[in-house]
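To start, the structure itself, in structure tokens.
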Amino acid sequence: MGQGRQENVATSLAGAVSEEISASLAPVDAELERRYPGDPGTRQPVHTVYVPGDVFAADTVRAWGDRALAALDEHAPDAASFAAVLGLGDDLAGPVYDRVRAKLEREPIEDLRVDFEDGYGPRPDAEEDEAAARAARLIAEANAAGTAAPYMGIRMKCMEAPVRDRGIRTLDIFLTGLLEAGGLPDGLVLTLPKVTYAEQVTAMVRLLEAFEKARGLVPGRLGFEIQIETSQAILAADGTATVARMIDAAEGRATGLHYGTFDYSACLGVSAAHQASDHPAADHAKAIMQVAAAGTGVRVSDGSTNVLPVGPTEKVHAAWRLHYGLTRRALARAYYQGWDMHPGHIPTRYAAVFAFYREGYEQAAARLSRYAGRVGGDVMDEPATAKALSGYLLRGLDCGALDLDEVSGATGLTRAGLEGFAAPRRADPTISGQ
């Protein structure tokens with residue numbers, strides 16, 4: 001092209017050859033499309049907060065935000081002191097601190113799970129019935145009032161025999177309560193814990209199918225997360241990766257794989273002092289989860305830390321540094337979500353996330369702008385890289401680390417343009433205007 005010479009183009013194969021090959025690969029094409037539809041393109045929350053079923057209240061979301069703000073006021077009352085604790089540079093100190101405080105005022109929790117499993121424990125049936133019904137009512141009221149977290153739901157008890165019936169009943173009461181109160185919210189999330197066999201995932205699918213049929217819901221309306229908390233969920237007795245079979249067994253309903261730091265570590269015999277999300281055993285499990293989930297549309301979430309930022313300022317700062325470091329480590333490994341177990345963790349969750357996106361957005365935006373305009377630079381990017389760059393910027397927008405005006409100004413792209421490079425993305429009602 002552009003050489004001033006018309007090339008003679010010749011072929012040797014009959015058209016039937018291509019047709020035969022396409023026909024032979026048609027089953028593979030269909031399998032790829034079914035198993036690997038790609039990322040759903042919806043917002044992924046940066047964290048999940050777990051609150052026991054008996055503790056969850058109408059003001060839980062706001063109360064966590066207020067307690068997180070109070071922790072900042074007491075232990076890091078300005079940008080400089082917060083930056084000194086976390087090691088943030090001068091260029092990030094102000095923007096990160098201001099955005100953390102604004103986030104805690106506007107949207108302190110992105111994803112909240114009312115826990116009826118380990119955080120709740122065994123209770124009399126009447127008590128758990130009441131708590132499940134109350135959780136449904138409070139979540140419905142919060143959605144109606146506009147005070148709900150973008151994502152909310154419950155963690156039921158697992159599918160193991162001793163608690164199976166109790167878990168099924170709690171889920172039934174909760175979902176029925178939501179429907180009776182006006183319908184299922186867009187950000188509804190259900191979590192199935194302690195899954196060890198793919199058959200337990202199949203059982204969850206059958207349970208949700210039965211509920212959808214009983215209530216006249218659209219088939220497939222209900223999805224769920226799978227918690228990976230046992231060694232059997234990673235490696236089956238026959239040496240295969242159980243988690244891959246679990247995703248398949250979910251029949252398209254699995255939305256996430258969540259790593260359970262302490263149950264999984266204990267299952268492997270890791271002593272309590274070394275049970276952490278950066279332990280080699282944790283890295284191995286999450287790497288298997290990540291590879292199994294890649295391309296399937298199922299997201300992966302890191303676990304939590306049990307080191308709480310409480311007590312004198314020195315101890316709070318140490319816990320903040322630990323939590324910030326673990327969160328940054330997870331982000332670098334493409335685990336964009338994790339668990340937070342205490343209001344004091346929220347400031348460092350958002351600080352880590354905001355710093356991660358703000359420190360890299362100018363370079364990412366410049367590279368994407370050059371790619372979009374096909375202008376040369378010092379890095380040769382390919383479509384897969386453009387997809388990663390736009391996905392990075394979109395995640396930054398979704399959580400509030402970045403503003404659309406600054407990203408559009410740096411890339412020359414609208415949000416729709418960014419989404420076009422990332423992949424087709426469904427409209428997501430939980431994303432507030434940024």
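What follows draws every value from the coordinates through simple rules; no lab data is involved. All of these numbers come straight from a predicted model, not from anything done at the bench. Ideal geometry is used to build each Cβ from the backbone, glycine not excepted, and the neighbour counts take in all protein chains shown.
Excluding same-chain neighbours fewer than eight residues apart, the lysines reachable from Lys157 by a Cα-Cα span under 16 Å are Lys194. Each Cα pair under 8 Å and six or more residues apart adds its separation to the average, and for the chain the resulting relative contact order is 18 percent. Counting every other Cβ atom within 10 Å of each residue's Cβ, Asp54, Asp172 order from fewest to most as Asp172, Asp54. Given (1) 23.5, 85; (2) 22.0, 66; (3) 28.0, 82, which label gives Rg and Dmax of the Cα atoms in Å as computed from the coordinates? Recomputing Rg and Dmax of the Cα atoms in Å here gives the entry labelled (1). Extending 7 Å from Cα along the Cβ direction at His274 and again at Thr176 yields two label points whose distance is 4.8 nm. Mind jotting down the distance between the C-alpha centroids of the stretch 106-123 and the stretch 190-221, whole Å? One Cα centre to the other: 20 Å.
Over the chain, DSSP H runs of length four or greater, each weighted -39,500 (n - 2.57), average out per residue to a 222 nm ellipticity of -17000 deg cm²/dmol. Restricting the stretch 55-162 to trypsin sites (Lys or Arg not before Pro) that sit in a DSSP loop and have at most 10 other Cβ atoms within 10 Å of their own Cβ leaves nothing.
GluC sites (Glu not before Pro) within the stretch 1-109: which are DSSP loop residues with at most 13 other Cβ atoms inside 10 Å? Those that pass, being in a loop and sparsely packed, are Glu7.
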